[in-house]
Amino acid sequence: RSGKLMNGNTIDEFINSLFINCDKEFLYKDKRYMLQGWLNKDGTYTLRMNEISEESPVVFLVTNKDRAYCVQKFEEALLFDGKTIYDAEDDITVEYD
């Protein structure tokens, strides 16, 4: 990991926060997103990212008993104009987490 500073978080802080229950709102270019992670009653962990818009589409969703698996899938996903979070980090501004 590069450890570069995202606006509002380092990339390591951003990724590490996904291992616990999280609510992160951030901007990527001209779009606003909400990334949430939570523990389900059955012991699985869900990580979901929605675009914050009138339609509020889900752009990423994974549920698994292994939180590390969920985070890894997010890290590998090409969610940002065909880029991973690491390739897009300079264009991301964390609003709150």
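The values are calculated or read from the model by the stated rules, or taken from the named source; none is laboratory data. The shown structure was predicted, so the numbers you read here are calculated from the model rather than taken from an experiment. Backbone-built Cβ (ideal geometry, glycine too); neighbour counts: all protein chains shown. Accessible surface areas use protein heavy atoms only, side chains included; no ligands, DNA or RNA. Shrake-Rupley method; radii C 1.70, N 1.55, O 1.52, S 1.80 Å.
Summary of computed values
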quantity: Computed [θ] at 222 nm, helices only, for the chain once each DSSP H run of length n ≥ 4 contributes -39500 (n - 2.57); calculated: -5000 deg cm²/dmol
quantity: Rg(Cα)/(2.2 N^0.38 Å) for region 17-76, N = residue count; calculated: 1.12
quantity: Cβ-placed point charges (K, R +1; D, E -1), dipole of the chain about Cα centre in debye, nearest 20; calculated: 360
quantity: Rounded to 10°, Cα long-axis angle of helix 67-76 versus longest principal axis of the chain; calculated: 30
quantity: Relative contact order computed over the chain (Cα-Cα under 8 Å; 6+ residues apart), in percent; calculated: 31
quantity: Surface accessible to a 1.4 Å probe, per residue, for the residues of region 39-97, Å²; calculated: 58
quantity: DSSP-defined beta bridges in the chain - what % are antiparallel, rounded to 5; calculated: 95
quantity: Mean Cβ count within 10 Å, highest first, over the residues of peptides 51-59, 22-30; calculated: 22-30, 51-59
quantity: Solvent-accessible area, 1.4 Å probe, carbon plus sulfur percent, for the chain; calculated: 46
